[in-house]
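The values are calculated or read from the model by the stated rules, or taken from the named source; none is laboratory data. It should be emphasised that the depicted structure is a prediction, and the values quoted were computed from it without experimental measurement. Glycine also receives a Cβ, built like all others from the backbone with ideal geometry; neighbour counts cover every protein chain displayed.
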Amino acid sequence: MNEAPRLLLDGMLGRLAKWLRLLGYDAAYDNAATDLELAHRARSEHLVLLTRDHELAARRGLHTLLIASDDLEEQLAQVQTQLGPPADPALSRCPVCNVPLCPAPPDAVADRVPPYVLRTHPTFDVCPRCNRVYWEGTHVEHMRDRIDMEDKDGPESNT
């Protein structure tokens, strides 16, 4: 595991936060925090603050990354180029809660997934915080394709 920085994204970057988590970045997101609260948290927790706000990015004493584009693919490419690869593998963090997923045997999730999914998928992951169950459905292939496309150029819950 490498030493990728832990990230904090401001309220303008919720979609980016979700995709960074899917890629394997530790990406906290708080859409209700004020600039002052974000700055305090970034300083105290040694987080890189990602923002589109020029004034917030210019605050002294913060490690910030000013996100230049409104386009998601360009945003992802900027983060990967300027901050390096994520510490965790893709699809290993909850895209909602940002915590690492835990493997779960099929019998542990049998009451929370459709019967067909239980019969056709040997492995499952569970978020220990929100309790969502994840498995490699067809949407994961689409997400992997998109992630691969973004890697060359610079997911979703099943509950």
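Condition first: among the basic types (Lys, Arg), at pLDDT below 95, exposed (fewer than 11 other Cβ atoms within 10 Å of the Cβ) and not assigned by TED's automatic domain parsing to the domain that holds residue 78. Can you find one or more residues in region 137-146 that meet it?
No - not one qualifying residue is present in region 137-146.
Looking at region 82-96, is at least one residue touching an Asp or Glu at 6+ places or on another chain (Cβ under 6 Å) and either hydrophobic (A, V, I, L, M, F, W, C) or outside the structural domain of residue 126 (by TED's automatic domain parsing) (or both)?
Within region 82-96 (the criterion being touching an Asp or Glu at 6+ places or on another chain (Cβ under 6 Å) and either hydrophobic (A, V, I, L, M, F, W, C) or outside the structural domain of residue 126 (by TED's automatic domain parsing) (or both)), the answer is no, since none of the residues qualifies.
In the list 40, 46, which residue meets the criterion of being at pLDDT 95 or above and at positive phi?
Sole residue among the options that is at pLDDT 95 or above and at positive phi: 46.
Mind checking which residues of region 99-138 are assigned to a strand (DSSP E or B), out of contact with any Ser or Thr (no Cβ under 7 Å at 6 or more places or on another chain) and among the β-branched types (Val, Ile, Thr)?
Listed by number, the list holds a single entry, 126.
From 35, 30, grab the single residue that is touching a helix residue (DSSP H, G or I) at 6+ places or on another chain (Cβ under 6 Å) and over 20 Å from residue 3 (Cβ atoms).
35
List the pairs whose first member sits in region 80-92 and is on the phi < 0 side of the Ramachandran plot, whose second member is assigned to a helix (DSSP H, G or I) and surrounded by fewer than 16 Cβ atoms within 10 Å (Cβ to Cβ), and whose Cβ atoms are under 9 Å apart, counting only residues at least 6 apart or on separate chains?
So the pair list comes out as 80/151; 90/144.
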